[in-house]
Amino acid sequence: LTMPKAGGKWQRIKAPGGMANNDHLSVVTHDGHTEVVTCIGGWGGGQLYYGTIDSPTNATWTGPVQLQNHTYSTWDFFPGKSVIWGKCQKPDQCNEGIHPLGTFADLASCQKAVNSSTTKYKVASYTYQHNVSSLGDYASWCYVISSFDFDPQPQSNVDSGRAPGLFPGGNIDCSNVAVDPHDRNHLLFSKGGQFHAYESKDAGLTVREFTHSSAFFVMIDTEGWFYTATQSGAFVSTDGGDKWTALHVWFLSDSPPGRVIDRVPHDFQRIVPDFRGTEIALPSDQGLHLVNRTAVKLGIFNLTIATGDMHNNMALSAIISPSTTHPGSRNLVVNLWDWNVGASWDDGATWTGWANGEASPGYCGEGGGGQALGTSGYAVMSHRSWIAVSSDGGHNWVRHNLPGGGFLGDYVRKEGSRTEPSGTW
């Protein structure tokens, strides 16, 4: 979508395909033209495209971007990778170009069989499924691949090899991509399902993979620094990707008071460039955080917290009942996003959670909701396909499965009351 800076209406530009809801549109100016670089596809990955903006309603798309062909002179070994991933319906029934050779006791035996098969097949690669129970019916199977579109996928207890020869580059598989604001040929991208970062300096003809493994969102800022972010945290590299350092969030806990918490993992939702000019912002389910470049240059890798007062802003529901442990006070059981369920037995003064021996609703996970039934001590909580009930103000919960997904309910009240239930369960 496009809209003039001065304001006006949004207008639509047709793309080559769909894009994931959390896809990033990376923009760069080149030779007087505005270009968009993005991944066309879904959550699990897509294909890399450049789009030159011709007008508010039209773009000229180039892609999918393909790696250049490459000739390999020797065999290469790829431990923990599978060339047949998702391409065999049964151990002996695979897509065209994949040839099952049978079962073998070990990798060496499979490799020997591969070498013997060269008179029958034009061998491009092979995959061996080790003899382990986790591979089920595929355990011990050896495969020769005669197709030269080599794209091995990570899989435990599986090894593959690539033969010498000319291999087509193929399309770039990407989940998110970011272009260098000073160089339209310089890219960072993440690959679907792998959480690794990749770099290209020639608009996708060749790439290198970083060993850093916490990448879904990626970014290059105006100073040439690299950023990645996932649920495992945000990271920065100031030296072109040779070294990656975690960005920390420091804050004080209210319970117990004064405890310092150093948190790296967050549920980061994207990396925002040019925030308030040239800053980098990292929004997450726990609020907004900013990169402090001055501190990073001094070796201090702390994010600036821009969330303000976080009290109650993550609460999806508050299940309130009279406290039985603190007379005159109240129990608060709160569904939080995205921290699981919390509990206070003294009207929020402390948040101790459930004691040993109590049946907590910890299986709820992030999300969910519920309500208390007046001052009776009865309460309900639901999430996805289950419902939990409590009869003691939230100290103990009994879980039940719902016949369908989701729950919307009510209860019969005492005559003349808007809150108190008419009976018990």
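The values are calculated or read from the model by the stated rules, or taken from the named source; none is laboratory data. Computed from a predicted structure; not experimentally measured. When we count neighbours, we look across all protein chains shown, and the Cβ atoms used for this are built from the backbone with ideal geometry, even at glycine. Please note that ligands, DNA and RNA were not included when accessible areas were found on the heavy atoms of the full protein model with its side chains. Shrake-Rupley method; radii C 1.70, N 1.55, O 1.52, S 1.80 Å.
Residues are listed down the side, and each one gets a yes or a no for (1) within 30 Å of G224 (Cα to Cα); (2) aliphatic (A, V, I, L, M):
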| position | (1), (2) |
| --- | --- |
| G102 | no, no |
| S125 | no, no |
| Y143 | no, no |
| S160 | no, no |
| N176 | yes, no |
| L187 | yes, yes |
Which of (1) among the aromatic types (F, W, Y); (2) open to solvent by 30 Å² or more (accessible area, probe 1.4 Å); (3) part of a strand (DSSP E or B) is the odd one out, the single condition Y227 does not satisfy? (2)
Exactly one of L247, L252 is closer than 29 Å to G367 by Cβ, open to solvent by less than 10 Å² (accessible area, probe 1.4 Å) and touching a Gly at 6+ places or on another chain (Cβ under 8 Å), and that one is L247
Complete set of residues in region 381-418 that are free of Cβ contacts under 8 Å to residues at least 40 places away in the same chain and among the hydrophobic types (A, V, I, L, M, F, W, C): W386, I387, A388, V389, W397, V398, L402, F407, L408, V412
Name the residues in region 203-224 that are β-branched (V, I, T), over 12 Å from L187 (Cα atoms) and open to solvent by less than 60 Å² (accessible area, probe 1.4 Å), would you? T222
Just to be sure I understand, how many residues within region 74-112 are more than 25 Å from Q194 (Cβ to Cβ) and part of a strand (DSSP E or B)? 7
When you go through G63, G8, G18, G45 one by one, which is the residue that is farther than 19 Å from D274 by Cβ and open to solvent by less than 30 Å² (accessible area, probe 1.4 Å)? G45
Taking strands (runs of 3 or more DSSP E) that do not extend beyond region 337-425, which have at least 1 residues that are open to solvent by 70 Å² or more (accessible area, probe 1.4 Å)? 369-372, 398-401
Being more than 16 Å from D410 (Cα to Cα), touching a residue at least 12 places away in the same chain (Cβ under 8 Å), open to solvent by less than 20 Å² (accessible area, probe 1.4 Å) and touching a Leu at 6+ places or on another chain (Cβ under 9 Å): is that true of A318 here? no
With the requirement that a residue be farther than 24 Å from S175 by Cβ and surrounded by 16 or more Cβ atoms within 10 Å (Cβ to Cβ), what does region 294-306 give you? V296, F301
Say we look at region 108-124 and pick out the residues that are surrounded by fewer than 18 Cβ atoms within 10 Å (Cβ to Cβ) and of a type in the set (A, V, I, L, M); which of these is farthest from S146 (Cα to Cα)? A108
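For every residue, the table says whether it meets (1) acidic (D, E); (2) modelled with pLDDT under 95; (3) over 18 Å from the mean Cα position of the chain (by Cα); (4) within 21 Å of P265 (Cα to Cα).
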site: S190; (1), (2), (3), (4): no, yes, no, yes
site: F195; (1), (2), (3), (4): no, yes, no, yes
site: A215; (1), (2), (3), (4): no, yes, no, yes
site: V218; (1), (2), (3), (4): no, no, no, yes
site: D221; (1), (2), (3), (4): yes, no, yes, no
site: T228; (1), (2), (3), (4): no, no, no, yes
site: G233; (1), (2), (3), (4): no, yes, no, yes
Which residues, counting only those in region 242-274, are polar (S, T, N, Q), under 26 Å from the mean Cα position of the chain (by Cα) and not in a loop (DSSP other than H, G, I, E, B)? T245
All conditions in (1) open to solvent by 40 Å² or more (accessible area, probe 1.4 Å); (2) outside any strand (DSSP E or B); (3) touching a residue at least 24 places away in the same chain (Cβ under 8 Å) are true of G192 except (1)
Within region 19-54, of all residues that are small (G, A, S) and in a loop (DSSP other than H, G, I, E, B), the one farthest from Q66 (Cα to Cα) is G32
Counted residues, region 58-105 - those being in contact with a strand residue (DSSP E or B) (Cβ under 7 Å, 6 or more places away or on another chain) and among the small types (G, A, S): 6
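For every residue, the table says whether it meets (1) under 23 Å from the mean Cα position of the chain (by Cα); (2) of a type in the set (D, E, K, R).
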residue	(1), (2)
R276	no, yes
E279	no, yes
P283	yes, no
L288	yes, no
T294	no, no
K297	no, yes
T307	yes, no
P327	no, no
R330	no, yes
Hey, any hits in region 264-277 for a residue that's charged (D, E, K, R), more than 30 Å from W351 (Cα to Cα), open to solvent by 40 Å² or more (accessible area, probe 1.4 Å) and modelled with pLDDT under 85? yes
Answer yes or no as to whether G161 is of a type outside the set (S, T, N, Q) and within 23 Å of the chain's Cα centre (by Cα). no
Looking only at residues in region 125-173 that are closer than 27 Å to C39 by Cβ, outside any strand (DSSP E or B) and touching a Lys or Arg at 6+ places or on another chain (Cβ under 7 Å), which one is most open to solvent (accessible area, probe 1.4 Å)? F150
